[in-house]
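Enquirer: Quick one: structure below, then a few questions.
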Amino acid sequence: MAYSGKVLVIDDDLNRGSTLAELASTAGFTTSVANSLDSFSAALGEASDWDVVLCDVKATPEAWAEEGASLRELNIQVPVMMFSNESRSASMMRALRLGANDFFATPLEDPEALLASMERCVRLRSMSRELRRSRQDLEAANRELKNTVRVLEKDQQAGRQVQMRMLPSSPMLVSDYMFSHTIIPSLYLSGDFTDYFTVDDHYVVFFMADVSGHGSSSAFTTVLLKNLFARKRSDYLRRNDNTILGPVAMLTLANQELLELDVGKYATIVVGVLDQLENTLQYSVAGHLPLPVLVSDAGAVYLEGEGNAVGMMPDARYNEHSIELPDAFMLALFSDGILETLPPKNLVEKEAFFLDVFSKTAETPQELVSQLGLDSVETAPDDIAALFVSKRVSQ
């Protein structure tokens with residue numbers, strides 16, 4: 001097995017330290033050796049990207065043990081594995097009291113056990129970095145939320161600019177998939193909103209929301225929804241909370257939060273979770289029309305789905321659907337403002353006309369937007385939002 005990660009060996013016995021470093025290096029780790037207590041703190045301070053430290057128990061400052069301090073209390077976040085040429089329980093207990101993640105006696109009887117433990121420490125360090133980035137992202141999102149609320153209260157036009165900055169980048173390329181969006185507000189502030197983002201290595205979560213009404217109160221509700229999804233994404237990384245990967249769970253949370261806040265708003269939403277490895281889609285619909293449209297070589301079809309809008313009923317129930325996606329496809333989600341722009345007079349005819357447009361012209365999201373005339377519309381009778389998920393065939 002090939003290992004990876006950066007390892008710092010601390011031992012005042014150069015031969016023993018070099019032997020450990022050579023073992024780690026041969027297995028694939030990048031290694032460095034420090035042979036004094038002075039270089040211990042310096043090495044950690046100068047290179048914050050160490051993944052694991054191998055440290056002789058006797059090389060640990062006596063003051064730490066005497067004062068009952070630990071490596072963690074000194075805010076040294078790098079996982080530390082201690083070793084000793086004595087296998088006595090006293091040495092092991094001392095290492096653990098100092099905050100060591102593991103303990104080994106030298107000479108090593110089972111080098112593979114040491115390498116496996118080091119690999120676990122590397123994964124732990126990687127998770128720690130990811131959690132730190134997640135906390136920073138969440139703090140930034142909270143600051144943005146507070147700033148957005150202040151701006152919405154002061155200036156509608158400035159609020160619109162902030163709201164647009166909250167939208168995801170378009171297009172966003174993830175492996176063979178492309179995510180893009182279009183938003184056309186009827187006023188400065190829109191009650192329509194969409195977002196998409198990666199979760200873990202192979203999931204992409206997306207949602208389309210259409211909040212009732214217009215203006216600052218509706219826009220504020222879109223801010224709350226974005227913040228909810230950002231929080232649950234952070235919880236996945238920090239707390240191993242899988243709620244963000246459950247469309248029904250996210251709709252249930254959105255329903256609870258809107259009801260508890262008593263903002264007098266409800267929203268229709270579609271939530272989807274795309275699994276890139278399996279090329280599958282899990283999704284749930286909360287009263288949203290028109291339904292998502294899936295376009296492939298087999299034609300254009302509406303995805304099934306129904307349910308109550310969020311923010312209306314405390315006992316609302318939602319259904320989750322799972323489908324295998326074609327090798328190449330385009331999935332399109334629109335807010336109901338698009339129906340106001342279609343020529344037919346009643347809803348049934350509008351939905352049939354809408355699907356027919358996809359069947360005839362939906363080669364790309366840009367072509368569809370152009371065919372529907374959205375690329376030349378500056379304002380509309382109602383807010384219009386569109387979200388597109390496309391997959392290209394790998395060459």
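The values are calculated or read from the model by the stated rules, or taken from the named source; none is laboratory data. Just so it is clear, the model here is predicted, and its values are computed rather than measured. A quick note on method: Cβ atoms are made from the backbone with ideal geometry, for glycine too, and the neighbour counts reach across all protein chains shown. Side chains are part of the model used for accessible areas, which takes the heavy atoms of the whole protein and leaves out ligands, DNA and RNA. Shrake-Rupley method; radii C 1.70, N 1.55, O 1.52, S 1.80 Å.
Enquirer: Just to be sure, is ASP327 touching a residue at least 60 places away in the same chain (Cβ under 8 Å) and open to solvent by 80 Å² or more (accessible area, probe 1.4 Å)?
Expert: Yes.
Enquirer: Please go through the range 308-324 and pick out each residue that is farther than 12 Å from ASN255 by Cα, touching a helix residue (DSSP H, G or I) at 6+ places or on another chain (Cβ under 9 Å) and open to solvent by less than 60 Å² (accessible area, probe 1.4 Å).
Expert: Result: HIS321, single match.
Enquirer: Now a separate question. Of the residues VAL301, VAL348, VAL295, which is among the β-branched types (Val, Ile, Thr), in a helix (DSSP H, G or I) and either surrounded by fewer than 17 Cβ atoms within 10 Å (Cβ to Cβ) or touching a residue at least 60 places away in the same chain (Cβ under 8 Å) (or both)?
Expert: VAL348
Enquirer: Right, next: State whether the residues of the range 253-266 include one that is over 18 Å from LEU145 (Cβ atoms) and either touching a Leu at 6+ places or on another chain (Cβ under 7 Å) or among the acidic types (Asp, Glu) (or both).
Expert: Taking every residue of the range 253-266 in turn, at least one turns out to be over 18 Å from LEU145 (Cβ atoms) and either touching a Leu at 6+ places or on another chain (Cβ under 7 Å) or among the acidic types (Asp, Glu) (or both).
Enquirer: Output the helices (runs of 4 or more DSSP H) that fall wholly within the range 83-195 and possess 1 or more residues being surrounded by 13 or more Cβ atoms within 10 Å (Cβ to Cβ) and modelled with pLDDT of 80 or more, or say none.
Expert: 111-154
Enquirer: Any residue in the range 15-42 that's within 19 Å of SER117 (Cβ to Cβ): show its pairings with residues that are exposed (fewer than 13 other Cβ atoms within 10 Å of the Cβ) and modelled with pLDDT under 85 at Cβ separation under 6 Å, as long as the two are six or more apart or on different chains.
Expert: Going by the 6 Å Cβ cut-off, the qualifying pairs are GLY28/ALA2; GLY28/SER4.
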